[in-house]
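The values are calculated or read from the model by the stated rules, or taken from the named source; none is laboratory data. Small disclaimer: the values here were computed from a predicted structure and weren't measured. Here the Cβ positions follow ideal geometry from the backbone for every residue, glycine too, while neighbour counts run over all protein chains shown. With ligands, DNA and RNA removed, areas are computed over all heavy atoms of the protein, side chains included. Shrake-Rupley method; radii C 1.70, N 1.55, O 1.52, S 1.80 Å.
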Number of protein chains: 2
Amino acid sequence: MTEPRWLNADERRAWLALLSINTLLPAALDNQLHTAGKVSLFDYNVMAMLSEAEGRFLPMSQLAARTSSSLSRLSHVVAKLEKRGWLERRPHPRDARVTTAHLSDVGMTTLEALAPGHVETVRTKFLDALTERDIHDLARIGEKIVAGLDDDHWILRDTESRP
Amino acid sequence: MTEPRWLNADERRAWLALLSINTLLPAALDNQLHTAGKVSLFDYNVMAMLSEAEGRFLPMSQLAARTSSSLSRLSHVVAKLEKRGWLERRPHPRDARVTTAHLSDVGMTTLEALAPGHVETVRTKFLDALTERDIHDLARIGEKIVAGLDDDHWILRDTESRP
DNA sequence: AGAGCGTGGTTGAGAGTTCAAGTGACGCAC
DNA sequence: GTGCGTCACTTGAACTCTCAACCACGCTCT
């Protein structure tokens, strides 16, 4: 049992900054989305991921992967969004175990109405503080961290060059 | 009402990576802390911030600032930690409005027992994926983002050079 | 065909978080 | 020294998330 390696100055700065960003940024975005349309950042992302999928639907487990969430969390949220008429759940025709979540037309319209305000907030609260180079570096570093946490995370697919 | 500026490739990569990190990293750390000692990452941070303060106590509002949390959230959590005997609340002697949270000896011991496993997890889940240079860049970029979200955030004090 | 195992998803209970409202105390204006 | 606005919290209710248990289906092996 040896003495643990404590964080040095840069490691500590990086860690504390990430920790703060982690609570402040989602709070700011949640806030904007909630006043704009009683939607959380997570709700928004669920719908956004569906809107980008072929046919605007995905199996629950793939949607969970794309939102980095547990199936349980997703299930509760999809139930809520379904009650609002923005999503619809259907059984998969070939595999009766899987449920697919479909973005409804009303959901799509809602999402489109929310999108401009949301990206604008992403800019003002996040991207505007950075230079083009910062953003490029952050994308690279961020993807490294994601890879360390989940080595076949969906955002790492098709964007990486192959050998 | 002009067309919003959507995200370009790098902006999107940076944003999606941050979003994923944001859910995966705290989950991993919460997990470790919870199995090690039924403590959340936020609980841990509250105690860690107190442990680093002069005299191991801070007014609630300063503690809230240091944990980037709302006073309400903090109040609930401090109540919980107080019930476990790790913290103690005392009225401020000069200003009866303020409550100070003190880390107890038991709390300090608990924190010290948890710390090695926690830093180790911070390393394996986060820092190990990065080079020294990445960490330095991330610290710089991260602090820029924090500054954009809260221009007098505590982590920006004393670490920045002054004019 | 059926036993056993893994997969995909749901559910309910308990823990945690947020939001709005409330309680005192300070401090300044007159 | 009496209002009156602000500050520093606290509280309770509503909502969200997590965790463990559960169900149903598909796959493989015999």
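Observations, loosely collected:
- The overall shape of the protein assembly as shown, judged from the alpha-carbon gyration tensor, is prolate: a/c is not under 1.5, and a/b is greater than b/c.
- Charge-dipole axis of the protein assembly as shown as Lys and Arg at +1 and Asp and Glu at -1 on Cβ define it, positive-most pick from B:Met60, B:Leu19, A:Ile141: B:Met60
- With the alpha-carbon atoms of region B:3-126 aligned to their principal axes, the span from lowest to highest coordinate is 55, 37, 23 Å, starting with the largest.
- Exceeding the 29 Å Cα-Cα cut-off - candidates A:Lys38/A:Lys125; A:Lys38/B:Lys83; A:Lys144/B:Lys144; A:Lys80/B:Lys125: A:Lys38/B:Lys83; A:Lys80/B:Lys125
- Amide H contacts under 5 Å for B:Leu87, placed H, 5+ residues apart: B:Glu82, B:Ser104
- Rounded percent of accessible protein surface that carbon and sulfur make up, the protein assembly as shown, 1.4 Å probe: 51 percent
- Projecting 7 Å from Cα along the Cα-to-Cβ direction, the label point of B:Arg73 sits 1.3 nm from its equivalents in the other copies, listed shortest first.
- Interface B:A - total buried accessible surface [probe 1.4 Å, Å², rounded to 100]: 5800 Å²
- Distance in nm between pseudo-label sites at A:Lys80 and B:Thr2 (7 Å out along the Cβ direction from Cα): 3.6 nm
- Residue mean of other protein chain beta carbons inside 10 Å, A:113-119: 2
- Mean-position separation - Cα centroids, region B:64-84 and region A:90-112, in angstrom: 39 Å
- Three-way shape call for region A:30-75 based on the alpha-carbon gyration tensor, with the a/c threshold at 1.5: oblate
- 3J(HN,Hα) from dihedral phi, region A:48-56, Karplus parametrisation 6.51/-1.76/1.60, rounded to Hz, x for glycine, proline: 4, 5, 5, 5, 8, 7, 3, x, 6
- Within region B:33-163: Cβ-based charge dipole about Cα centre, in debye rounded to nearest 20 (Lys, Arg +1; Asp, Glu -1): 540 debye
- Using just its DSSP H runs of length 4 or more, each adding -39500 (n - 2.57), the protein assembly as shown gives a mean residue ellipticity at 222 nm of -20500 deg cm²/dmol after division by all residues.
- Exposure check, 1.4 Å probe, all protein chains in place: A:Glu82 carries approximately 60 Å² of accessible surface.
- 3J(HN,Hα) from dihedral phi, region B:18-32, Karplus parametrisation 6.51/-1.76/1.60, rounded to Hz, x for glycine, proline: 4, 4, 5, 4, 4, 9, 6, 5, x, 4, 5, 6, 4, 4, 4
- Evaluated with a Cβ-only charge set (Lys, Arg +1; Asp, Glu -1), the protein assembly as shown carries a dipole of roughly 1040 debye about its Cα centre, given to the nearest 20.
- Shape call, region A:51-107: gyration tensor on alpha carbons, a/c limit 1.5: rounded
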